[in-house]
Amino acid sequence: MQMTEADVRTSLGLDAADVGYHVIDADSGAVLTSRHADAAFPPASTAKLATMIAALGILGPEYRFRTKLLARGTLKDGMFNGDIVLQGDGDPLFSANDLRALAVRLADIGIKKVEGHFFYHSTLPVFADIAPGQPIDAPYNQGVSELNFGFNRVTWTKDSEGIYITPTEAENLTPVLDPGDDVAGELPIRAPDLFNARMLQRFAANEGVQLPPPTPSSPPDGAVVLAEVYSLPLLEIARAGLEYSNNMVAEAVGVAAARATGAPVDTLQQLAHVLGLWLENHDPNLKQFAKGLVNHSGLSVHSRITPKQMTALLKGALNHRLKGWRFDTLLTPGGGHTGFRGRFKQPDAAYRIWAKSGTMRYIKGLAGYIDAASGRRLIFALFVYDPDRRQTLENNPHRQSDAARARSDDWRARSDLFETTLIRHWISSY
């Protein structure tokens, strides 16, 4: 006798968890199976699906971010009398290579020293973190601005030479280190725009260009562009952002898309609400969707999405081409080398699921597309959430301890197995 979904949950010790799912036919929209499809669940990183779908619709798949060096002044014998400005519009993949290229451009122009100001400019507020309440040193809860650098996180090390941050330009821009921790790791940057400017000052010095200490200010009237770096097209940023599930990438993309609508900018929640309203206006099946979004990355226990809303979102995305590309081709396939922690490699499941996962402690989500064994294409959303265990965790002063993490890791492993079992059943049954 075949086990039911409830039997599987019970056998895995997940009977106390809230479970919701919705599976539809991708062509007709017919519901194939469903449980608590209208219940609202914390989506974790599956919320990035909504962000990328909205951003691609608002900005377009060929949209490119730009980071610029502007100047106003005169150059004579290597001396620039005037102001240099570093300005960005949120490139989430901006790297040391890009910034060094701008420094080289200053040297190529013939500038050796700037007698004036070195400004950096972000037209939007700088968000020091994504989600208050996360561990203070969590590298995945970094700041976001229109000037980002190296995913806005740096490394720190404790060894025979002491505790130090690499690069040193990040000092005073990260959480305070714990002297009792002797394991190297990463730290989030809280002021990424200033960090970016400090790094340009360093790279410029390496090219023989002396910049003054950076200060925040908008470009002066009459400033001209000296050099600029274009990002990859948004289509490629979205693909990478979904595969590697980087929170800062999702937030930067979401902020840029919301800003393009002309919406006022104060908080990440307001900006996420703007994207949610845009999605609602473009799909009648997404009513009340916006009110559940707290940010663009899903890094929050307060965001909420229903399984039915998620499948509606994914069905709408499947019906639109992105310069010839279909949305499901941007997602990670199950059965690949690293996708979904090695799951879905069995012959009956490999490369049949293209989806986005989401994981927080005692929160799991998985949503995407299935190529069923019958040849039918399915759209699904599956959420598992244990609110009691999550609340117990949040009230636990030792929630970052090895013992507490071992318990939540065990829950995650059992939830992974539940997801895999259920999806393999859908592959063979529909």
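Points worth noting:
- In the stretch 1-104, counting only strands (runs of 3 or more DSSP E) that sit wholly within it, the ones holding 2 or more residues that are closer than 30 Å to Tyr385 by Cβ and of a type in the set (Asp, Glu) span 18-25.
- Taking the listed residues His296, His273, the one that is in contact (Cβ under 8 Å) with a residue 40 or more places away in the chain and not hydrophobic (A, V, I, L, M, F, W, C) is His296, with no other qualifying.
- Candidates Val19, Val31 - the one that is in the same structural domain as Gln309 (by TED's automatic domain parsing), out of contact with any helix residue (DSSP H, G or I) (no Cβ under 6 Å at 6 or more places or on another chain), aliphatic (A, V, I, L, M) and surrounded by fewer than 19 Cβ atoms within 10 Å (Cβ to Cβ): Val31
- Some residue of the stretch 354-364 being more than 24 Å from the chain's Cα centre (by Cα) and over 19 Å from Lys308 (Cα atoms): no
- Screening Pro125 against (1) buried (at least 18 other Cβ atoms within 10 Å of the Cβ); (2) within 19 Å of the chain's Cα centre (by Cα); (3) modelled with pLDDT under 95 leaves a single unmet condition, (1).
Conditions (1) modelled with pLDDT of 95 or more; (2) assigned by TED's automatic domain parsing to the domain that holds Met310; (3) of a type in the set (D, E, K, R), marked per residue:
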{"site": "Phe41", "(1), (2), (3)": "yes, yes, no"}
{"site": "Ala47", "(1), (2), (3)": "yes, yes, no"}
{"site": "Ala50", "(1), (2), (3)": "yes, yes, no"}
{"site": "Met79", "(1), (2), (3)": "yes, no, no"}
{"site": "Ala96", "(1), (2), (3)": "yes, no, no"}
{"site": "Ala101", "(1), (2), (3)": "yes, no, no"}
{"site": "Val104", "(1), (2), (3)": "yes, no, no"}
{"site": "Asp108", "(1), (2), (3)": "yes, no, yes"}
{"site": "Ile111", "(1), (2), (3)": "yes, no, no"}
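- Of all the criteria given as (1) surrounded by 15 or more Cβ atoms within 10 Å (Cβ to Cβ); (2) within 28 Å of the chain's Cα centre (by Cα), the one not satisfied by Asn172 is (1).
- Cβ-Cβ distances below 6 Å connect no pair with a first residue in the stretch 312-334 that is outside the structural domain of Glu243 (by TED's automatic domain parsing), a second residue that is among the aliphatic types (A, V, I, L, M), and a separation of six or more residues or different chains.
- Cβ pairs under 9 Å, 6+ apart, first in the stretch 207-218 and under 21 Å from Arg105 (Cβ atoms) and of a type in the set (Asp, Glu), second at pLDDT 95 or above and not in a loop (DSSP other than H, G, I, E, B): Glu207/Arg100; Glu207/Ala103; Glu207/Val104; Glu207/Leu106; Glu207/Ala107; Glu207/Asp108
- Options Leu277, Leu286, Leu234; residue that is within 23 Å of the chain's Cα centre (by Cα) and closer than 30 Å to Thr174 by Cα: Leu234
- Sub-6 Å Cβ pairs linking a first residue in the stretch 147-169 that is outside the structural domain of Gly241 (by TED's automatic domain parsing) and in contact (Cβ under 8 Å) with a residue 12 or more places away in the chain to a second residue that is part of a strand (DSSP E or B) and loosely packed, with under 14 Cβ neighbours inside 10 Å, at least 6 apart or interchain, are Thr155/Thr166, ordered by first then second residue.
- Among the candidates Tyr362, Tyr385, residue that is at positive phi and either assigned by TED's automatic domain parsing to the domain that holds Ala250 or out of contact with any strand residue (DSSP E or B) (no Cβ under 8 Å at 6 or more places or on another chain) (or both): Tyr362
- Tyr140 falls short of the stated requirement of being among the aromatic types (Phe, Trp, Tyr) and closer than 25 Å to Glu207 by Cα.
- Some residue of the stretch 367-379 being assigned to a helix (DSSP H, G or I) and either out of contact with any Ser or Thr (no Cβ under 6 Å at 6 or more places or on another chain) or surrounded by 15 or more Cβ atoms within 10 Å (Cβ to Cβ) (or both): no
- Condition check for Ser303: under 26 Å from His22 (Cβ atoms), surrounded by 23 or more Cβ atoms within 10 Å (Cβ to Cβ) and touching a Pro at 6+ places or on another chain (Cβ under 8 Å): yes
- The residues of the stretch 89-142 that are among the charged types (D, E, K, R) and without any contact (Cβ under 8 Å) to a residue 60 or more places away in the chain, listed by number, are Asp108, Glu115, Asp137.
- Checked against (1) crowded, with 18+ Cβ neighbours inside 10 Å; (2) touching a helix residue (DSSP H, G or I) at 6+ places or on another chain (Cβ under 7 Å), Trp325 passes all but a single condition, namely (1).
The values are calculated or read from the model by the stated rules, or taken from the named source; none is laboratory data. Just so it is clear, the model here is predicted, and its values are computed rather than measured. Every residue, glycine as well, gets a Cβ built from its backbone with ideal geometry; the counts of neighbours run over all protein chains shown.
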